[in-house]
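Student: Once you've had a glance at the structure underneath, I'll fire off some questions.
Read-outs: derived from the displayed coordinates by stated rules, not from any lab. This structure is a prediction, so every number in the text was calculated from the model and none was measured. Heads up, the Cβs are rebuilt from the backbone with ideal geometry, glycines too, and the neighbour counts pull from every protein chain shown.
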Amino acid sequence: TQEFSVSNQNPIHGKMGRVPVGIGRRRMRIVVTGGAGFVGSHLVDKLIGRGDEVIVIDNFFTGRKENVVHHFGNPRFELIRHDVVEPILLEVDQIYHLACPASPVHYKYNPVKTIKTNVMGTLNMLGLAKRVGARFLLTSTSEVYGDPLQHPQKETYWGNVNPIGERSCYDEGKRTAETLTMDYHRGDGVEVRIARIFNTYGPRMCLDDGRVVSNFVAQAIRKQPMTVYGDGKQTRSFQYVSDLVDGLVALMEGEHIGPFNLGNPGEFTMLELAEVVKDTIDPSATIEYKPNTADDPHMRKPDISKAKELLNWKPKIPLREGLPLMVNDFRNRILNEDEGKGA
Ligand code: NAD
Ligand code: UDP
Ligand code: UDP
């Protein structure tokens, strides 16, 4: 089929570019690992939309073909079922490296696999970047700050991370991925970029991935109580996905390595978030308290002055505007699920 065409038929080397796209820019060939996932698929939409060629590499652990199916048949789009833990040969200009489960439920499911994905997967993509002279962007995470002792978190903060806890496969995996990225830059001159992403939400999040926004929204739609873990006073800062995608592209195209915090500084307790979901979806929605998970960070809020200054980026969509934008997508998928069950 068209979407599984062979990638190496027309090799080009990094930065040489080929077909002109508009004025002053050549069409690029861009790999997005994890491109069938939540964030990756929105990034793919933007890159295809501006005229570039996109190769998605995904093993479909948490990603879905449905997230990119609208590009099938487009000759500028390819989808490769591949695990980044294994090497791969491609000829590309840029690599957005997103492949890694992001929700705690998914990354704790097989912690050793999560570490392999972060370490071996990142190593392979950096090896690829080195071989073809491509620019490489790592999507790291606010979790590198652990349960932070500094608030809000600046990029200069080194974090407070438990190396032997249930979250360590992800936190420490991403910290090692950042280290590898900087070592390939210093040692091999690979052009790199590092984003530290804070909690992001939007359409196409997995329905049952256990993240708080997807849980509350799905629960409110299903008329189930919203599950608040612990006392609900812990805080997070929620960024709408299109703001993140704009930030990732600004970072890739800019001249600064980072790391850069990409997040929305608006800070909410989980109880406040439940209120916003209630106002948005169902005024009769209720909450139910559940025990909290281990090592849950008490608070999290990005300091984004660096990205504002050097990338000229800031998020535009506050939580109360972003939440309604994901409700239709969730409603439709929940409806389809129910129909599938014969309800
Ligand atoms: P997601 O789970 O929706 O997407 C991850 C994608 O990677 C999926 O399509 C999955 O199938 C794929 N994948 C996982 N392991 C793979 C492997 N070994 N080989 C190939 N593909 C693999 O998660 P997301 O929210 O879209 O997150 C994307 C990236 O952003 C991740 O690296 C994550 O750590 C980072 N991030 C996300 C958030 C957030 O709030 N969404 C916050 C911080 C960091
Ligand atoms: N690699 C890859 N694709 C490439 C180039 C390298 O998957 O186009 C992998 C390679 O198999 C290795 C890793 O990236 O596992 C690191 O490559 P590098 O050349 O830096 O190290 P070496 O191969 O010398 O260990
Ligand atoms: N949380 C919650 N109810 C849920 C899911 C999560 O209260 O149904 C809380 C969780 O304890 C954490 C916060 O929401 O304090 C964010 O959790 P999430 O898993 O979304 O992301 P994290 O920032 O922990 O990676």
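Student: Taking 0.36 nm per intervening residue step and subtracting the Cα-Cα distance, what contour gain separates Trp158 from Asp231 on full extension?
Tutor: 23.5 nm
Student: Tell me, what ³J(HN,Hα) does each residue in the stretch 228-245 have, in order and in whole Hz, if you take phi through Karplus 6.51 cos²θ - 1.76 cosθ + 1.60 with θ = phi - 60° and put x for Gly and Pro?
Tutor: For the stretch 228-245, the Karplus curve yields 9, 8, x, 8, x, 8, 5, 10, 9, 10, 10, 10, 6, 4, 5, 5, 4, 4 Hz.
Student: Still on this structure: With the chain treated as a Gaussian network of Cα nodes joined by springs under 10 Å, which of Val39, Val31, Val69 yields the largest mean-square fluctuation?
Tutor: Ranking Val39, Val31, Val69 by mean-square fluctuation puts Val69 first.
Student: Moving on. Using only the alpha carbons, work out the radius of gyration and Dmax of the stretch 274-319 in angstrom.
Tutor: 16.6, 44
Student: Moving on. Considering the options Val161, Gly210, Leu325, tell which one lies farthest towards the positive end of the dipole of the chain, charges being +1 on Lys and Arg and -1 on Asp and Glu at the Cβ, about the Cα centre.
Tutor: Leu325
Student: What do you get for the angle between helix 319-340 and the principal long axis of the chain? Use alpha-carbon atoms, 0 to 90 degrees, nearest ten.
Tutor: 90
Student: Can you check what the net charge comes to around Ala294, using other residues whose Cβ is under 9 Å from the Cβ of Ala294 (Lys, Arg +1; Asp, Glu -1)?
Tutor: Charge balance near Ala294 sits at -2.
Student: Compare Asp45, Asp246, Asp188 in a GNM of the chain, Cα atoms joined below 10 Å, and give the one with the largest fluctuation.
Tutor: Judging by the Gaussian network model, the answer is Asp188.
Student: Another question, then. Length gain on complete extension for the stretch Glu321 to Glu255, per 0.36 nm per residue less the alpha carbon to alpha carbon distance?
Tutor: Gain in length upon complete extension: 20.6 nm.
Student: Length gain on complete extension for the stretch Ala294 to Leu271, per 0.36 nm per residue less the alpha carbon to alpha carbon distance?
Tutor: Stretched fully, the Ala294-Leu271 segment lengthens by 6.4 nm.
Student: For the stretch 274-290, take each phi angle, set θ = phi - 60°, evaluate the Karplus expression 6.51 cos²θ - 1.76 cosθ + 1.60, and give the result in whole Hz per residue in order, putting x for glycine and proline.
Tutor: Each residue of the stretch 274-290 in turn: 4, 4, 5, 5, 4, 4, 7, 10, 7, x, 9, 4, 10, 10, 9, 7, 10 Hz.
Student: Among Val39, Leu310, Thr235, pick out the residue whose Cα is farthest towards the positive end of the charge dipole of the chain, where Lys and Arg carry +1 and Asp and Glu carry -1 on C-beta, about the Cα centre.
Tutor: Farthest towards the positive pole: Leu310.
Student: Still on this model: Treating only the Cβ atoms of Lys and Arg (+1) and Asp and Glu (-1) as charged, compute the dipole magnitude of the chain about its Cα centre; round to the nearest 20 debye.
Tutor: 620
Student: For the chain, with a Gaussian network of springs between Cα atoms less than 10 Å apart, report the residue from Arg331, Arg167, Arg300 with the top mean-square fluctuation.
Tutor: Checking each option, the largest mean-square fluctuation is seen for Arg331.
Student: Can you list the residues, at least 5 places off or on another chain, whose amide H is less than 5 Å from the amide H of Phe72, using H built in the peptide plane?
Tutor: It is none; the list stays empty.
Student: Also, quick follow-up: Specify which residue in the list Leu128, Tyr184, Gly146 is farthest towards the positive end of the charge dipole of the stretch 88-201, using unit charges on the beta carbon of Lys, Arg (+1) and Asp, Glu (-1), about the Cα centre.
Tutor: Leu128
Student: Does anyone have the angle between helix 38-49 and the longest principal axis of the chain? Alpha-carbon axes, 0 to 90°, nearest 10?
Tutor: 40
Student: Give, as a single signed number, the net charge of other residues whose beta carbon lies under 14 Å from the beta carbon of Asp303, with Lys and Arg counted +1 and Asp and Glu -1.
Tutor: Charge balance near Asp303 sits at +4.
Student: Apply the Karplus curve 6.51 cos²θ - 1.76 cosθ + 1.60, θ = phi - 60°, to the phi angles in the stretch 264-273 and return the couplings in whole Hz, x for Gly and Pro.
Tutor: Working through the residues one at a time gives 9, x, x, 10, 10, 6, 5, 5, 5, 4 Hz.
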